[in-house]
Amino acid sequence: MKIEGEGQLLRIFIGESDKWEGMPLYEAIVRKARERGMAGATVWRGIEGFGASSRIHTTKILRLSEDLPIVVEIVDQAERIQGILPELDRMVTEGLMTLERVHIIAYRHNVPADE
């Protein structure tokens, strides 16, 4: 697979303790993206942050360190990102999703000749 040119970057800001059908929400999002054949997804775990509640979540305070900020990033062609948004909208009941245009310089995956 090779993707170059215009694309979209979807960022999903959630909490580490958020769940979807019994599993961590970030895991469910990555699995959904893989199931839909997206180019890839990356999960970032923050060390500190706050959201709509203005409550600070940080690794410095032990009792809050179980709900650190999580960012899931998915980059792909615009139509593929648009196709997964309705499912993610159902999954992310609390959090923030942003979308921006990106220019994909290189995304390559070499499939071995025997596959």
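Computed from the coordinates by the stated procedures, all read-outs in this text should not be read as laboratory data. A quick note: this is a predicted structure, and the numbers were derived from the prediction, not measured.
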Review point. ³J(HN,Hα) across the stretch 20-27 via Karplus (A = 6.51, B = -1.76, C = 1.60, θ = phi - 60°), whole Hz, x for Gly/Pro?
Key: 9, 6, x, 10, x, 4, 4, 5
Check your understanding: Mind listing the phi-derived Karplus ³J(HN,Hα) values for the stretch 79-88, rounded to whole Hz, using 6.51, -1.76 and 1.60 with θ = phi - 60°, and x for any glycine or proline?
Key -> 5, 6, 5, 4, x, 8, 4, x, 5, 5
**Study point:** Amide proton proximity set for residue 20, modelled H, under 5 Å, gap of 5+
**Key:** 25
Revision key, fill the gap. Subtracting the Cα-Cα distance of residue 31 and residue 96 from 0.36 nm times their residue separation yields 21.5 nm
Exercise for review: List, in order, the whole-Hz ³J(HN,Hα) value for each residue of the stretch 33-46 obtained from phi through the Karplus relation with A = 6.51, B = -1.76, C = 1.60 and θ = phi - 60°; use x for Gly and Pro.
Suggested key: 4, 5, 4, 7, x, 5, 4, x, 8, 10, 10, 10, 9, x
Check your understanding: Nearest-5 percent of antiparallel DSSP beta bridges in the stretch 2-108?
Key -> 100 percent
